[in-house]
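The values are calculated or read from the model by the stated rules, or taken from the named source; none is laboratory data. Keep in mind the model is a prediction, meaning the values are calculated, not measured. As a convention, Cβ positions derive from the backbone with ideal geometry for all residues, glycine included, and neighbour counts pool all protein chains shown. We work out accessible area using only protein heavy atoms, side chains counted, and drop any ligands, DNA or RNA first. Shrake-Rupley method; radii C 1.70, N 1.55, O 1.52, S 1.80 Å.
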Amino acid sequence: MSALSKQSLIDETGFISSKVAFDVSGLTVAYDRKPVLWDVSFQAHSGRITAIVGPNGAGKSTFLKASLGLVPAVTGQTFILGEALKEARKNIAYMPQRASVDWDFPASALDVVMMGLYGRMGFLRWPSQHHREQALSCLDQVDMADFAERQIGQLSGGQQQRVFMARALAQEAEVYLMDEPFAGVDAATENVIFKTLKALTAEGKTVIVVHHDLDTVRKMFDDVLLINRQVIANGPIDDVMSDEALRRTYSGRLGFHKAGEPVGGAAVQAHV
Amino acid sequence: MSEFLAELIKALTLQAGYNTSLVLVGAALLGGAAGGIGVFVLLRKRSLVSDAISHATLPGVVLAFMLASYFFDDGRALWALLIGAAFSAVLGALAVEWIVRYTRLKEDAAIGTVLSTFFALGIVLLTLVQSVYQGGQAGLSDFILGSTAGLLYQDALLIAVSAFVVGLVLIFKFKELTLLCFDITFAKAQGYNVASLDRLLLFLLLAVVVIGLKTVGLVLVIALTIIPPVAARFWTERVSHMVLIATFIGALGSWFGAALSSVATDLPTGGLIVLTLFSIFLISLLVAPKRGALAHALRHKLFQRRVHERQGLLAISRAEPVFDPLTQKILRKKRFLRADGAVTEEGHQAAQKMARDQVLWNAYHQAYPIEALALEDWSLRPIEEVIPKDLVEELSEELMLTKVRLVQ
Ligand SMILES: Nc1ncnc2c1ncn2[C@@H]1O[C@H](COP(=O)(O)OP(=O)(O)OP(=O)(O)O)[C@@H](O)[C@H]1O
Ligand SMILES: [Mg+2]
């Protein structure tokens, strides 16, 4: 699968334009001995924006969490820009599907974004004016600068989502992993945020987004990972996102009827 | 009475002799450290666990007493008792953790079980000791309710050193502890070792509890870590400020409570300190400017008046009658309505002005929806008081409102 994607990259531009920035191999994850991900390998390239697509319960969130060691994996490794996960933490910004935080916490929107800078601040450094400005500009990128001083519990759901997006931006990472960042965000904001993510890829950063809207995937993303417990396909959108692949990912749930060979995750799922 | 006050002031200003001053300084340091660390215990939602920990110290204290009197012939050696306390507190904490992890019991049930079992064991042991070592165990019951009477220089020194260590850790680990309490997933993803941060927090808490045992007593020592942060929360929306304020409240309350107990010698120190802290809590609850109850009520009242006045005047400007009794009352008070309900000349003028203001606010909301959403005062106060004048002019020009007079 990865050979295919590399091949396509070469075809597209005439030379290998980008390197593998996020490399997961052989990831198997089980909750309570029930396998949720089975031998998943995936590569994302720097300077490109990848969508992770699959039905509810396919293991998309689990994939992101396990690749970062946030839930235990049975097998599997992650390399970030050639470094093992442990050395590369500072190069990752991860935004979970639902922030499980205490909304009554004594922190303003700006304070939350500032937390994204903690990792770079170092031992005993206190947030300075410079950090505040940096955090403010990140809030501005998601159109939330006017809410900087609000306590986070006093923001709407979509606004809270945007604050956590701003925190991820503040991390100035190399690889951005975002779990459905557009859920509950209005169309105008989605546009603004998407432009920001695109701008990141233009700087050579790697962006990986779990995305549910099949209609917009083609327009917005460069590459795609189709996943349903196993990898169905991984590569440039135009090459791998065929109706056949989608049918296998969603195993009939998109309105196609389940026909022919049951493949990958669909087969496993049918028997468990 | 005045004699009591004079004595109290003497104690508070450290003029009541060496021993009293020692007690006051020791108590204040303890209270400050407990308040500071308490902020993170509270934000990490560990307040109940800390209660279990403090109760779990009792069997350790009594066992240590028995061992110490057997081996060293002096059961009251403080260091032995404190080591015993720490030891059984750790056991208690581990027991809670174990129950939560390996049974289906929730944390609150686990805490309740451990707390009462350890305390029961402690009480039984204590009674045993009392019947065996008559007289020798005199100091032991102090560990339950606390006493400053026998506080020695070494004890105060121990408290000072511990408070210093707690303070250092709070400064050096502030960012990490904040992340731990606010967003543990994020902390993990960033590569922080959250398990060891949790252990650090528990260790500091344990240290404060153990050194506070003798002064405040095990039943009440935990209040030292809970009340100051809860009171501090009323005054601020910032973690860093909350730590400073809680430290201050903890120190102040303990200082004052210890002074009280030095004057009213037959009342228990722990109780007096906690009651003092509670008074500070009560004051905070009432008068804190942002989150306090009075401020809240006042703000609500003001808000209500503004809305009623505005809606009433807007109704007048549309030549609609005003039915709402509160609105009528407010408009009458401002002489916009006469007693019979007729609109006065001033009322008409104010209504005109309010209508213009509302049009401007609506225009602002249309032109700058995000900023308008972020404004607390949107459509509540006159627009010129809230947004820059040139913006108001721009808006009114756009609306072709001729000749806007900003000051009237
Ligand atoms: N903490 C957990 N314990 C047990 N099972 C879990 C847990 N979290 C997820 N699962 C199961 O693992 C599977 C994958 O879950 P995951 O959250 O990764 O799906 P997803 O692809 O992100 O779905 P969605 O589109 O709804 O976000 C699901 O079948 C779910 O029921
Ligand atoms: Mg998910």
Checklist entry - How much accessible area per residue does region B:53-164 have, in Å², with a 1.4 Å probe? => result 55
Checklist entry - Just which residues of region A:42-73 lose 30 Å² or more accessible area with every protein chain there, against their chain alone, with the probe set to 1.4 Å? => result A:L70
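Within a Cβ distance under 15 Å of B:G212, other residues only, what is the Lys/Arg minus Asp/Glu net charge? Don't jump to the answer; show the numbers that get you there.
Details: positive: B:K214; negative: B:D51, B:D142, B:D155.
Every neighbour counted, the sum reads -2.
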Checklist outcome for this item: For the protein assembly as shown, the charge dipole (Cβ of Lys, Arg +1; Cβ of Asp, Glu -1; about the Cα centre) points to a positive end, and the Cα of A:L117, A:P106, B:F72 closest to that extreme belongs to B:F72
Checklist entry - Considering every pair of different Cα atoms, what Kirkwood radius, in Å, is found for the protein assembly as shown? => result 29.9
Checklist entry - Around A:L139, with a cut-off of 15 angstrom between Cβ atoms, what is the net charge of the other residues, counting Lys and Arg +1 and Asp and Glu -1? => result -4
Checklist outcome for this item: Taking a straight Cα-to-Cα line shorter than 26 Å from B:K389, and setting aside same-chain lysines fewer than 8 residues away, one finds B:K353, B:K403
Item to check | Cα pair distances exceeding 18 angstrom across region B:74-207, given as percent | outcome: 69
Item to check | MRE, 222 nm, helices only [DSSP H, n ≥ 4, -39500 (n - 2.57), over chain A, to nearest 500] | outcome: -11500 deg cm²/dmol
Item to check | Accessible-area composition of chain A, carbon plus sulfur, in percent [1.4 Å probe] | outcome: 51
Item to check | Debye log10 I(q)/I(0) at q = 0.09, 0.10 Å⁻¹ for chain B, Cα point scatterers | outcome: -0.70, -0.77
Item to check | Accessible area per residue, Å², region B:294-407 with all protein chains present, probe 1.4 Å | outcome: 66
Item to check | Sorted largest first, extent of region A:2-254 alpha carbons per principal axis (Å) | outcome: 50, 40, 36
Checklist entry - So, in Å, what gap is there between the alpha-carbon centers of region B:107-130 and region B:145-186? => result 26
Item to check | Debye intensity ratio in log₁₀ form over the Cα atoms of region B:160-282, taken at each q of 0.10, 0.17 Å⁻¹ | outcome: -0.35, -0.91
Checklist entry - Taking chain B as a Gaussian network, where each spring joins two C-alpha atoms under 10 Å apart, which residue of B:M242, B:M66, B:M354 fluctuates the most? => result B:M354
Item to check | Listed residues B:G92, A:V74, B:M242: farthest to the positive end of the dipole of the protein assembly as shown (Cβ charges) | outcome: B:G92
Checklist outcome for this item: With a 1.4 angstrom probe the carbon and sulfur portion of accessible area for region B:344-385, in percent, totals 52
Checklist entry - Rounded to the nearest 5, what is the percent of antiparallel bridges among the DSSP beta bridges in region A:93-248? => result 45
Checklist entry - So how far, in whole Å, is the C-alpha centre of region A:161-212 from the one of region A:135-156? => result 15
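Using a simple charge model, +1 on the beta-carbon of Lys and Arg, -1 on the beta-carbon of Asp and Glu, nothing else, what dipole does region B:294-407 show about its Cα centre, in debye to the nearest 20? Before the final figure, lay out each step's value.
Numbers: 18 positive and 17 negative charges, 155 e Å.
Approximately 740 debye in magnitude.
Of A:K65/B:K106; A:K86/A:K205; A:K60/A:K195; B:K10/B:K290; A:K19/A:K60; A:K60/A:K90, which pairs sit farther than 31 Å apart, going by alpha carbon to alpha carbon? All intermediate terms of the calculation are to be shown ahead of the outcome.
Details: A:K65/B:K106 25 Å; A:K86/A:K205 19 Å; A:K60/A:K195 23 Å; B:K10/B:K290 35 Å; A:K19/A:K60 23 Å; A:K60/A:K90 22 Å.
Checking Cα-Cα distances, B:K10/B:K290 exceed 31 Å.
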Checklist entry - Tell me: how much accessible area in total is hidden between B and A, 1.4 Å probe, Å², nearest 100? => result 3100
Checklist outcome for this item: Here D for region B:294-407, in µm²/s, from Stokes-Einstein with a Kirkwood Rh over Cα pairs at 37 °C and 0.692 mPa s, works out to 218
Item to check | Within the protein assembly as shown: Cβ-based charge dipole about Cα centre, in debye rounded to nearest 20 (Lys, Arg +1; Asp, Glu -1) | outcome: 840
Checklist entry - In whole angstrom, and with the biggest value first, how far do the Cα coordinates of region A:67-137 range along each principal axis? => result 42, 27, 23
Checklist entry - Short version: what are the Cα gyration tensor semi-axes of region B:8-95, square root of 5 times each eigenvalue, largest first, in whole Å? => result 28, 24, 7
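When the gyration tensor of region B:330-374 is built from Cα positions, what are the square roots of 5 times its three eigenvalues, in whole Å, from largest to smallest?
Values: eigenvalues 188, 21, 7 Å².
Here the semi-axes work out to 31, 10, 6 Å.
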